[in-house]
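Below is one structure, written out as structure tokens, with a few remarks after it.
Quick note: the coordinates plus some simple rules give every number you see, no bench work behind them. The structure presented is a predicted model; accordingly, all values stated were derived computationally and were not measured. Here the Cβ is made from the backbone with ideal geometry for all residues, glycine too, and neighbour counts use every protein chain on show.
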Amino acid sequence: MPREHKRDNNVPTTEGASDQQVQKFLNKVAATPAVRRPGEVGRLIFAMDATASREPTWDQASHIQAEMFQETAALGGLHIQLAYYRGFGEFDASEWYADSQKLLRRMTGVRCLAGRTQLAKVLKHARKEAKQHKVNALVFVGDCMEEDVDALGQLAGELGLLGVPCFMFHEGHEALARRAFEQIAQLSGGACCRFDANSPQQLRDLLSAVAVFAAGGRKALGDYSKARGGVVKQLTYQMK
């Protein structure tokens, strides 16, 4: 039957990732190599679970992505592609956007529908895109996983070979999803971090950090860390 909501209501949700978890994630981003040719614009696939339980965070992310563009403008810009799954086997990927308003209009036109996870489709799509042109990073935001972990691991490893690190953002406390997201991140050369939907600033900072990395590499991320402060400031030590 279609999944409507899998969060454990008995688990407090007012806390986001611990400082140690956030630092570990950001350190991993800082240590991830970014390869770009001179004059090349960074490319980031922004993928989301758009099943029913994800609706509140989808609305948040719709506005956060505009700031991702702003943070990378001075680095030569960033092209972002939106990908999502929802409902009964529905998966969609947009064109590549260099304009935040066009992407925002696309995102706000999507409504979440109950259904099972389709993370394999996200990874296969990223693999296909990376074989056609350079993709600097894949960001995924989700709360559940209902698929074969070994199959997902195989796809994540292939993305790692293609130079596409997966940065997995896990909302909530579901243990199976957490383990799967960590393995996907590890096998692809990316990182995994839990966040709380009640702490949009934390998600904003983490997403912006990955966007800056995709657009300008580790040096740009180090500069961004110094200017931004907060949890992102911890990256400055990794830049030295």
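Structure note, pairs K131/K226; K128/K219; K121/K226: Cα-Cα distances above 32 angstrom occur for K131/K226; K121/K226. Rounded to the nearest Hz, the phi-derived 3J(HN,Hα) couplings of region 103-109 under the Karplus curve 6.51 cos²θ - 1.76 cosθ + 1.60 (θ = phi - 60°) are 5, 4, 5, 5, 5, 6, x, where x marks glycine and proline. Using Cβ point charges alone (K and R +1, D and E -1), the dipole size of region 92-161 about the Cα centre works out to roughly 380 debye. Under a model in which nothing but the beta-carbon of Lys, Arg (+1) and Asp, Glu (-1) is charged, region 40-216 shows a dipole of about 380 debye around its Cα centre. Classification of region 40-216 by its C-alpha gyration tensor yields a rounded form. The axis ratio a/c (a ≥ b ≥ c) stays under 1.5.
Under a 5 Å amide H cut-off, with hydrogens placed 1.01 Å from N, R194 pairs with H170 among residues at least 5 apart or on other chains.
The H on the amide N of Q81, modeled in the peptide plane, is under 5 Å from the matching H of L44, I45, F46, Y97, each at least 5 residues off or on a different chain. Taking the number of Cβ atoms within 10 Å of each Cβ as an exposure proxy, the fewest-first ranking of R43, R218 is R218, R43.
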